[in-house]
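Below: the structure, in structure tokens.
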Amino acid sequence: MQNNILIVGSGAMGSQIGMLGALAGYRTTIQDISEPSLAAARDQLATRMDHFVAKGRLDRAEADTALARLNFTTSLEEGAADADFVIEAATEKLDVKRAIFTALDKAAPANTVLATNSSTYGSSKVASATGRPDKVCNMHFFNPALVMKCVEVVRHDQTSQETVDSTMELARALGKSPVLINHEIPGFVANRLMGAIRDEALHLVTAGIASHEDIDTAAKTALGHPMGPFELMDLVGLDVSYLIRMATYEETGRPEDLPHPALKALYEQGRYGKKTGHGWYEYDQSGTKLP
Ligand code: 3HC
């Protein structure tokens, strides 16, 4: 049984995963090297809890209790010292992640599982930066993490069954429906499915077959998807989509894995989607899509 959870990284994913932990009753620490990022995460989560209360999903006291279970720190060592389970959700850069895992290995108790939320890197890539590769796996959440039910638990060759079991158990305790992926493969399962649709959507729009708005409409009204592929790219972040694809290409060396030129162009223009206010669509400051 885990009592204390550490989340490394306070971006969109890390902060919401931390909130899931606090809502499920864990004492949860969110660590980030950036004070402003921690402050923004704290504000956004408080606003999110206000919304839960307004919707009747929690009463005020429950929301306040959950928020009080959250601790914010810039010190990895402080957060890791009594952590029973760590989920790393830092930037998708391998050298950064490996440095974090080496530091976590030193600072966290010997039995603590060190999981990564990465969808880009299989956990063997960070496990080798630790002295406990059997306690390392991927625990991959989906955006927005407070809402999406899926968590992919991905084992690498040395991940122990005990680590898999406790990661699946934690995912269920956070209210998720975990799926187990037995071998590392770029993109795991869900992102591979999403990528196939996204590639076809990019082909259709650049070939002038249909507009991105109409392709999104078709995905929603013909296939019942909650969002079209272009809306989803804007939500996930065109930077994230681009970097995932580049990392896949670096791993496979297959030219067909390179990011689509249309995705590359938006990435190079800094049009990252909802988070920058510009992507396939335009957004106002609250993140609402403009007509
Ligand atoms: N954070 C937290 N909660 C959010 C949210 C956010 N960013 N955006 C929406 N929500 C909540 C809303 O508050 C609402 O909850 P409520 O009923 O309590 O008010 C609920 O989600 C539904 O939102 P809306 O009614 O505003 O809008 P929708 O019904 O369109 O739902 C959506 C929004 C849940 C985002 C839905 O459109 C959806 O499921 N989209 C697909 C998302 C998806 O595919 N995610 C996976 C991306 S891939 C990924 O993350 C992997 C990574 O490796 C790249």
May I ask you to evaluate 6.51 cos²θ - 1.76 cosθ + 1.60, the Karplus curve with θ = phi - 60°, for each residue of the range 100-112 and list the ³J(HN,Hα) values in order in whole Hz, giving x for glycine and proline? 5, 5, 5, 5, 5, 4, 6, 8, 8, x, 4, 8, 5
Give the angle, between 0 and 90 degrees and rounded to the nearest 10, that separates the Cα long axis of helix 212-223 from the longest principal axis of the Cα atoms of the chain. 70
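Please compute the length gained on full extension between E250 and Q158, using 0.36 nm multiplied by the number of residues separating them and subtracting their Cα-Cα distance.
Computed gain between E250 and Q158 is 30.8 nm.
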With θ taken as phi - 60° and the coefficients 6.51, -1.76 and 1.60, list the Karplus ³J(HN,Hα) couplings across the range 228-238 in order, rounded to whole Hz; mark glycine and proline as x. x, x, 6, 4, 5, 4, 5, 5, 5, x, 5
To test your reading of the geometry: what angle, between 0 and 90 degrees and rounded to tens, separates the Cα axis of helix 12-23 from the longest principal axis of the chain? 40
Please get the size of the charge dipole for the range 13-147, origin at its Cα centre, with Cβ charges of +1 on Lys and Arg and -1 on Asp and Glu, quoted in debye to the nearest 20. 300
What share of Cα pairs, in percent, lie more than 22 angstrom apart in the range 191-276? 22
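From the protein chains alone at 1.4 Å, what is the descending order of accessible area for D234, D32, largest first?
On the way: D234 0, D32 25 Å².
Result, largest first: D32, D234.
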Probe 1.4 Å, all chains present, heavy atoms only: K135 accessible area in Å², nearest 10, is 40
Calculate, in nm to one decimal, what S75 and A265 gain on full extension: separation in residues at 0.36 nm each, minus their alpha carbon distance. 64.7 nm
Using the Karplus curve 6.51 cos²θ - 1.76 cosθ + 1.60 with θ = phi - 60°, what ³J(HN,Hα) values do you get for each residue of the range 181-192, in whole Hz, with x for Gly and Pro? 10, 7, 9, 5, 8, x, x, 6, 9, 5, 5, 5
If you take every DSSP beta bridge fully contained in the chain, what fraction is antiparallel? Give it as a percent rounded to 5. 20
Would you please give the residues with an amide H less than 5 Å from that of A83, counting only those at least 5 places away or on a separate chain, with H modeled from the backbone geometry? none
For the chain, the dipole about the Cα centre with charges only on Cβ (Lys and Arg +1, Asp and Glu -1), to the nearest 20 debye, works out at 300
Reference-scaled alpha-carbon Rg (2.2 N^0.38 Å with N residues) for the chain: 1.00
Honestly the range 73-191 on the Cα gyration tensor test (a ≥ b ≥ c root eigenvalues; a/c under 1.5 rounded, otherwise a/b vs b/c for prolate or oblate) is just rounded
Rounding to the nearest 10 and keeping the result within 0 to 90°, find how far the Cα-based axis of helix 35-54 lies from the longest principal axis of the chain. 80
Which residue, V236, V205, V164, has the most motion in a Gaussian network model of the chain that connects Cα atoms within less than 10 Å? V205
Which residues qualify? For I7, with a placed amide H closer than 5 Å and at least 5 residues away or on another chain, they are T29, I30, Q31, I87
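Expected output is a single nm value to one decimal: the length gained when fully extending between D43 and K289, i.e. 0.36 nm times separation in residues minus the C-alpha distance. What is it?
Difference between extended and current length: 86.4 nm.
Please give the peptides 110-120, 36-46 ranked by average Cβ packing (other Cβ atoms within 10 Å per residue), highest first, as a rough proxy for protection.
Numbers: 110-120: 22.4, 36-46: 16.3.
Listed from highest to lowest mean packing, they are 110-120, 36-46.
Can you give me the accessible area per residue for the chain, using a 1.4 Å probe, in Å²?
Values: 13740 Å² over 291 residues.
In whole numbers, the chain has 47 Å² accessible per residue.
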Whenever you get a sec, compute what percent of the accessible area on the chain sits on carbon and sulfur atoms (1.4 Å probe). 54
Sequence-distant residues sharing a close amide H with V113 (under 5 Å, placed H): V86
Would you be so kind as to identify which of I197, A207, A129 lies farthest towards the positive end of the dipole of the chain, taking Lys and Arg as +1 and Asp and Glu as -1 on Cβ and the Cα centre as origin? I197
Give the separation of the Cα centroids, the range 1-36 to the range 75-120, in Å. 12
Within straight cross-link reach of K93, meaning Cα distance under 19 Å, which aspartates and glutamates are found once same-chain residues fewer than 8 apart are removed? D32, D105, E184, D239, E250, E251, D257, E268
Report, in listed order, any pair from K125/K176; K135/K274; K106/K275; K55/K274 with a Cα-Cα distance greater than 27 Å. K135/K274; K106/K275
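The values are calculated or read from the model by the stated rules, or taken from the named source; none is laboratory data. From a predicted model like this one, the values you see are computed outputs, not experimental measurements. Cβ atoms come from the backbone with ideal geometry, glycine included; neighbour counts cover every protein chain shown. Heads up: the accessible areas ignore ligands, DNA and RNA and are worked out on the full protein's heavy atoms, side chains in. Shrake-Rupley method; radii C 1.70, N 1.55, O 1.52, S 1.80 Å.
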